[in-house]
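I have placed the structure first, in the form of structure tokens, so that the comments after it can refer back to it.
The values are calculated or read from the model by the stated rules, or taken from the named source; none is laboratory data. Bear in mind that the values here come from a model prediction, so they are computed numbers and not experimental data. Using ideal geometry, Cβ is built from the backbone for each residue, glycine included, and neighbour counts are taken over all protein chains shown.
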């Protein structure tokens, strides 16, 4: 039975990233079985020289090969939170965040919160809030939904709750943000708790 090697890759946040990583790895002549957000499955374990080539090629595309298990865990949590934020916008109410993380991370979910906070400088709950606020900014930028519709879509309890959280995170009101006088969007791969 052939062995599969899973590479863990940082900064994969969308389907375009998956395509880009797939093409990068294939361009290096590697047998790629599958690519998902944060991971690529290779048919054969790469040599150390191939890993260095992979690192260089991924870096050129804005990605990073993760070799440290702690960093791999952090990236898996970030991807699970990004997925959860997407579930919030779905038709059905998603299960609680804790249940989603346990299912997504499997047996690796114990102690993840403390390790994540130590490495990222932000709790898992706070990181989800940052993701939600970036989505609010994106939706405001489209100008297609009212603030009330955005609050409903992202499952805020009220427009006031969303407005208060937006101000706490960004330092500006929604009105100031919409007016272009302050604030900007942040890349999802650059979110940190130090803002």
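Just to be sure, is residue 18 out of contact with any helix residue (DSSP H, G or I) (no Cβ under 8 Å at 6 or more places or on another chain) and either outside the structural domain of residue 76 (by TED's automatic domain parsing) or closer than 21 Å to residue 83 by Cα (or both)? Let's see the steps before the verdict.
Numbers: out of contact with any helix residue (DSSP H, G or I) (no Cβ under 8 Å at 6 or more places or on another chain): yes; either outside the structural domain of residue 76 (by TED's automatic domain parsing) or closer than 21 Å to residue 83 by Cα (or both): yes.
When the stated conditions are applied, residue 18 passes them.
Considering 71, 102, 120, 83, which residue is crowded, with 18+ Cβ neighbours inside 10 Å and at pLDDT below 95? Break it down stepwise before answering.
Values: 71 fails: crowded, with 18+ Cβ neighbours inside 10 Å; 102 fails: crowded, with 18+ Cβ neighbours inside 10 Å; 83 fails: crowded, with 18+ Cβ neighbours inside 10 Å.
None of the other options fit; the residue is 120.
Would you please name the residue that is surrounded by the most Cβ atoms within 10 Å (Cβ to Cβ), looking only at residues in segment 152-195 that are at pLDDT 75 or above and at positive phi?
155
With the requirement that a residue be loosely packed, with under 12 Cβ neighbours inside 10 Å and either touching a strand residue (DSSP E or B) at 6+ places or on another chain (Cβ under 6 Å) or part of a helix (DSSP H, G or I) (or both), what does segment 14-25 give you?
Residues of segment 14-25 loosely packed, with under 12 Cβ neighbours inside 10 Å: 14-16, 19.
Of everything in segment 14-25, those that are loosely packed, with under 12 Cβ neighbours inside 10 Å and either touching a strand residue (DSSP E or B) at 6+ places or on another chain (Cβ under 6 Å) or part of a helix (DSSP H, G or I) (or both) turn out to be 15, 16, 19.
Does residue 149 fit the bill of being at pLDDT 95 or above and either in the same structural domain as residue 83 (by TED's automatic domain parsing) or at positive phi (or both)? Walk me through it before giving the result.
Details: at pLDDT 95 or above: yes; either in the same structural domain as residue 83 (by TED's automatic domain parsing) or at positive phi (or both): yes.
Spelling it out, residue 149 is indeed at pLDDT 95 or above and either in the same structural domain as residue 83 (by TED's automatic domain parsing) or at positive phi (or both).
Any residue at all in segment 38-51 that is surrounded by 12 or more Cβ atoms within 10 Å (Cβ to Cβ), within 26 Å of residue 118 (Cβ to Cβ) and within 18 Å of the chain's Cα centre (by Cα)?
yes
Among the helices (runs of 4 or more DSSP H) contained in segment 26-113, which hold 2 or more residues that are in contact (Cβ under 8 Å) with a residue 12 or more places away in the chain, more than 30 Å from residue 130 (Cα to Cα) and not assigned by TED's automatic domain parsing to the domain that holds residue 125? Step through it out loud before you land on a result.
Details: elements: 48-60, 69-88, 97-105.
In segment 26-113, 48-60 are the helices (runs of 4 or more DSSP H) which contain 2 or more residues that are in contact (Cβ under 8 Å) with a residue 12 or more places away in the chain, more than 30 Å from residue 130 (Cα to Cα) and not assigned by TED's automatic domain parsing to the domain that holds residue 125.
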